[in-house]
Every structure is written in structure tokens, then in C-alpha cells.
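Readers should treat all values here as calculations from the given coordinates under stated rules, not as data from a laboratory. All values reported here derive from a predicted model rather than from experimental measurement. In this analysis, Cβ positions are derived from the backbone assuming ideal geometry, glycine residues included, and neighbour counts consider all displayed protein chains.
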Amino acid sequence: MKQPYLHLLELIENELSSIEKTLEVKLQWICDTLCERLPNYDWTGFYFHQSDKDELYLKAFCGEPTEHTHIPFGKGICGQVALSNQTFLVPDVSLQDNYISCGISVKSEVVVPIFVKGKNIGQIDIDSHVKNAFDHNDVVFLEKVAQMVGGLY
Ligand code: SME
């Protein structure tokens, strides 16, 4: 994996190993750090599965506040990932039918599921103001971050 992803993984690993910090603080730290250090990451958030219904809720984010704090399974890119259990890379959001817009400035998106013991419990969602902002390096990096976050549960 290339820099700066490798370096970021080290920082994240270090942050997540803290025994004093809460899960909320750690998730917020990841959002803030990714937005700050990776130029194309304009919005970074964590959605998790609501235990009693087929819905995702927003637990931490960095970037413009969104009204989409709850997303039903199957709706939008996030809702589709909740059902498919697979990373969804969207180079151009304008070409997606089942897409929930969080603002006209968003041009591309990537959503990566988080697993705990093989069960999809949530996801990392990244939006960019640039088309084609994400590639295989981002997917590998984010899947590694998702694995580390899954390890906290
Ligand atoms: N675009 C997402 C909705 C969440 S926002 O990106 C913050 C989707 O289609 O599911």
C-alpha cells in the first residue's frame, strides 16, 4: 500500500489502541483525520445498523452536516451496502439511480462495510467533491480501516 495510506494506518492503529478513549471519540478522530489528511475526502462518516430495524444511523462524521442521519436498508449507496455486504465505489454519483444526495457538490463516493465475526454491522462512507476521486488504493485502505474498527466491537 502507498503513502500516505500506510502512515495513516499506523496513526489509526495507535489511536484505536488507546484504553482511555471511548469508541465515539475514536470514530470521530478517524473522521476528522481522514478529512484533514486526504485531499479528496470531503465528507467522512460512520453509519451503523440499528439493532431493532432495517435501518442505518449516523454515529460520527466530519464535513457538512447531513439530514440523512437515518437510511433504510436498500436505499441509496449506503442502504445497498447494508444488504450486499460489499464495497461500493461510485466514480460519478450522477450516474446512479439509487443514490441519496447529500449536496450538489458531492461528485463521487465510496462505501465500505464493517464486519464483526462475519456480520455486517455498519460502514464507512466517504464523499468527494471531485469525480473519480477514489481508486483501488482507497478501497484497500478503507477496508483495512473497517477491519480495525470492527475489531473494537
Ligand atoms: N450518498 C449516500 C447518503 C449518505 S451521504 O453521502 C452523507 C447514499 O446514497 O447512501
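Based on Cβ point charges of +1 for Lys and Arg and -1 for Asp and Glu, what charge dipole magnitude is obtained for the chain about its Cα centre, in debye rounded to the nearest 20?
Rounded to the nearest 20 debye, it is 320 debye.
Give a quick list of trypsin sites (Lys or Arg not before Pro) in region 108-137 that DSSP marks as loop, anything other than H, G, I, E or B, with at most 14 other Cβ atoms within 10 Å.
Filter output for region 108-137: LYS117, LYS131.
Could you give the nm distance between label points at ASP92 and THR22, where each point is 7 Å from its Cα heading toward the beta carbon?
It is 4.4 nm.
Which FRET efficiency value, to the nearest 0.05, is calculated for HIS136 and ASP52 with the Förster distance at 25 angstrom and r the Cβ-Cβ distance?
According to the calculation, E is roughly 0.10.
Can you check how the C-alpha radius of gyration of region 3-150 compares to 2.2 N^0.38 Å, as a plain ratio?
Compared with the compact-globule rule of thumb, region 3-150 sits at 0.97.
Enter the Cα centre distance for the pair region 41-69 and region 95-147, rounded to the nearest angstrom.
Spelled out, the Cα-based centre of one part sits 12 Å from the other.
Tell me which residues come under 5 Å, amide H to amide H, from SER108 once H is placed; ignore anything under 5 positions away on its chain.
It is VAL93, SER128, VAL130, by chain and number.
Just the isolated ones, please: cysteines in the chain lacking another cysteine beta carbon under 4.7 angstrom.
Isolated Cys, the chain: CYS78, CYS102.
Rounded, prolate or oblate for region 11-68? Axes are the square roots of the Cα gyration tensor eigenvalues, ordered a ≥ b ≥ c, and the cut-off for rounded is a/c under 1.5.
Oblate.
So if a site counts as exposed when it's one of the GluC sites (Glu not before Pro), its DSSP state isn't H, G, I, E or B, and it has at most 13 other Cβ atoms within 10 Å, what's the longest stretch of the chain without one?
The longest such stretch corresponds to 68-153.
For region 79-153, compute Rh as the Kirkwood radius over C-alpha pairs and then the Stokes-Einstein diffusion coefficient at 25 °C and 0.890 mPa s; write the answer in µm²/s, rounded to an integer.
My calculation gives 192 µm²/s for D.
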